[in-house]
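We did not get these values from a lab; they are worked out from the coordinates using the rules stated. Quick caveat, the model's predicted, so the values are computed rather than measured. Here the Cβ positions follow ideal geometry from the backbone for every residue, glycine too, while neighbour counts run over all protein chains shown.
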Amino acid sequence: MLRSGVGGMARDRQHRPVTATGSAGGVRDALRRATAGTGRRVLLAATLLVGALAAVLVVAAAPVPSVAGPAAATQLLVSVLVPLSGVLLVQDLTREPREDRRVAPVVVAAVLHAAAVSLAGSALCGIVVALAPQSDLGAPATAAAVVLGGVAVQVTAQLVGTGLGLLLDRPLVAFAATIALPLGLWLLVGALGPPVAQRWLTPFGATSPLLAGAPSVVDVAAWAVVLVVWGGGLNGLGAARLAGRRSALR
């Protein structure tokens, strides 16, 4: 059933001409396709629903809930589903390798989509916490740091999704890899190396400290390294693979 659902989301992309031109036009077109069709809209709604439920559960369990706890739970759970939208977006390109559409605008659109989902999740957390009988929203600086941390989490997850979507042809396989590869490396590094290595080598290790509300300079630096290695590396390899396929078809 999951296979058919993902297939339906992929088929929601219709073979319509791209009317926008240039990088900005490519980004706008890709953003439209991110929520085009029932399947992709259902994915977006399900992602936000998962985030809202996580916030409600954390708030219900905490004696005096603050923003940081529900936001961390929301963003971490949402980051599991967000990469699927990136996988589907870039695979619109890989299914039509003869079309000379650029990869960069599609990846940018996927990142913007992920950032918007993150901000929506943070807004839902704020609403849930504010409605709690006893709550402490905390200092504005802490709330702002949590919101920015959530954006960083979703951008990282989305870039892993777009990279693996370009490298792997099947949406389900690519989506599963967005979970299995980061989690597997996190477990492997944790078992074989010092715990600090997880922060510098794995998305899970790098993004979790950003949701605490007061990330250090080292936390941000570790996230930047992981973003370049995972996001830049996977997408660079994927773009090169797509360019090779296009060259072979000419």
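Observations on the model:
- Peptides 223-230, 71-78, 56-63, ordered by how many other C-beta atoms sit within 10 Å of their residues on average, highest first, read 71-78, 223-230, 56-63.
- Simple spin-label estimate for residue 127 and residue 245 in nanometres, 7 Å along Cα-Cβ: 3.9 nm
- Karplus-derived 3J(HN,Hα), 6.51/-1.76/1.60, for each residue of region 85-96, Hz, glycine and proline x: 5, x, 4, 5, 5, 6, 6, 4, 6, 5, 6, 10
- For region 229-235, putting each phi into the Karplus relation 6.51 cos²θ - 1.76 cosθ + 1.60 with θ = phi - 60° gives couplings of 5, 7, x, x, x, 5, 6 Hz, in residue order, rounded to whole numbers and with x for Gly and Pro.
- About its Cα centre, the chain has a charge dipole of approximately 1020 debye under the convention of +1 per Lys or Arg Cβ and -1 per Asp or Glu Cβ, with nothing else charged.
- Global geometry of the chain, whether rounded, prolate or oblate, following the gyration tensor of its Cα atoms and the 1.5 cut on a/c: prolate
- In terms of packing, defined here as the mean over residues of other Cβ atoms within 10 angstrom, the peptides 125-134, 155-164 line up highest first as 155-164, 125-134.
- Seen against the Cα atoms of the chain and their longest principal axis, helix 22-34 is set at about 70 degrees.
- Helix-derived mean residue ellipticity, 222 nm - over the chain, DSSP H n ≥ 4, -39500 (n - 2.57), to 500: -26000 deg cm²/dmol
- Angle in degrees between helix 217-226 and the longest Cα principal axis of the chain, rounded to the nearest 10: 20 degrees
- For residue 66, the residues whose modelled amide H falls within less than 5 Å of its own, excluding neighbours fewer than 5 places apart on the same chain, are 136.
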